[in-house]
Structures are given as C-alpha cells and as structure tokens.
1. Extending each Cα 7 Å along its Cβ direction at residue 28 and residue 203, get the distance between those two points in nm, one decimal.
2. Using Cα-Cα distances under 8 Å and only pairs 6 or more residues apart, what relative contact order does the chain have, in percent?
3. Run down the lysines and flag those whose C-alpha is under 16 Å from the C-alpha of residue 169, throwing out any fewer than 8 positions away in its chain.
4. The range 143-223: Rg/Rh from Cα coordinates, Kirkwood Rh?
5. Of all DSSP beta bridges located in the range 4-130, what percent are antiparallel, nearest 5?
6. Need one number for the range 1-126: average projected area of the convex hull over its C-alpha atoms, nm².
7. Sort 162-173, 195-206, 58-69 by packing, meaning the average of other beta carbons within 10 Å per residue, with the highest value first.
8. To the nearest 500 deg cm²/dmol, what mean residue ellipticity at 222 nm is calculated for the chain from DSSP H runs of n ≥ 4 alone, each contributing -39,500 (n - 2.57), summed and divided by the residues?
Amino acid sequence: MRTIRIMIVDDHEVVRVGLRALLERRPDFRVVAEAGSAEEAVQKALDHHPDVVVMDIRLPGGNGIEATRRIVEALPETRVIMLTSYAEDELLLEAIEAGASGYVLKQIGSDELMMAIERVARGEALIDPSMTPRLLRHVRAARRSAMASAFRDLTEQELRVLALIAEGKTNREIAQILFLSEGTVRNYVSSILSKLGLSNRAEAAAYAVEHNIKAYLDEGLGSA
C-alpha cells in the first residue's frame, strides 16, 4: 500500500489538529508537516517534499495561492489541493493558474475530502462540484474572448470569405456562393491577409482553423 505524505496548511491550529486526526484515520495517509503561514508552508514543503499539500487560501504573511505557485514551481511532483471557505470564481481561477490540482470547500464531508486527496495524489484534477458550472462559464467566456480577439479586425463579409477559404474554396467558388464578382473576392482576400499579417491563402486557412472560425460564426459573434 502506497503511503500518501500530506502537509496541512491553515492558520488555525484547531483546524490543523482536526484535519490531522481525520486524515490519519487512514493507514495510507501520513501527515508529515503542518504550517500556519504562507512562508512557513513553502519552507516546510521544501523540507518534507509532501505528495499532497492541503492548503487554505487566507494565510498570514501572504496567501495560499502564492504559496501554491512557489511550491509547485519548486516541487513539480507535489500536488496542492485548496481547502477553503471561499466559493469565489476569481480565487478558483487564480488557484488553478497557480498550479493547484484541486479546489474544495470546507463544507465537504470527511470521506469526500479523503477521496479528494487520494485522487489528487494520483494526478487527477478535482474541482468542488458546486463550482464546476461557474468554472465552465469562465472557460467558455475566455474561449469566446480569444476568438473575438483573433477576428476583431475583419468585417462580416471578410469573415464569410475567410471561412470559405478555410474550406478550400477558390475565388470563383467563393464569388458564386456569396454572389460577388471574382475581383471583389480578390480584394477581400487581400484585405484579410493584410489585416491578419498573413502571406497567402494557406496561412489564412490555417489561421481560420486554428482560431475556430466556424464556431465563431455559428455563435453569431461576427455580428455582435
């Protein structure tokens, strides 16, 4: 049986004592260190090389998110699971960006917490189910923002032309589909290449596919 070496980080001693007592009920869990501040958390992680750090967010002398970033950078094999009272979207995103493998709320049951630690130790990522819909909303919003940024300089007609270029259509075919003259299509192609800083149709097609122009147009973002 593999022993999972755990460090507990919380500024309240009573919380640390309670967590230690809970976690050490399992024979495969061993608490190797405790810390009550961000700086102490980083130092003790470097000293003990835990498999999993159970990290609070609000800590004296810094915060758990910055401590997580420093620990993960120094110890890539160490996993950090945030255990916090704060169900805030911004904190969740900052924790993920800092390298946290898990984010659970302190309302979690004891069995669920131990299972979460076990899963994170195996290399899985885990987000509290109550926060998953909000994370997905942020992901979708970021995706839409990235697509909008990629195509922001193009007019609606240029977007249609670019989408058809990505499908491999010739200027003549594009002209027929959009009821334009070939000369007009050529002008649109030149404008698209100039605005996107590209050299040829192949680059334009690759750019359109890379930035998912079909989804962009399907969602109606081009006319927003």
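The numbers here are math on the coordinates, done by the rules we state, and not lab data. The shown structure was predicted, so the numbers you read here are calculated from the model rather than taken from an experiment. Positions of Cβ are generated from backbone atoms using ideal geometry, with glycine treated the same way; all protein chains shown enter the neighbour counts.
1. Label at residue 28, label at residue 203, 5.4 nm between them.
2. Numbers: 313 pairs, mean separation 29.0, N = 224.
After rounding, I find 13 percent.
3. Correct list for residue 169: 214.
4. Values: Rg = 11.6 Å, Rh = 12.4 Å.
My calculation of the ratio gives 0.93.
5. About 10 percent, rounded to the nearest 5.
6. Its Cα hull, projected and averaged over all orientations, spans 6.6 nm².
7. Numbers: 162-173: 17.8, 195-206: 14.2, 58-69: 20.0.
With the highest mean Cβ count within 10 Å placed first, the list reads 58-69, 162-173, 195-206.
8. -17000 deg cm²/dmol
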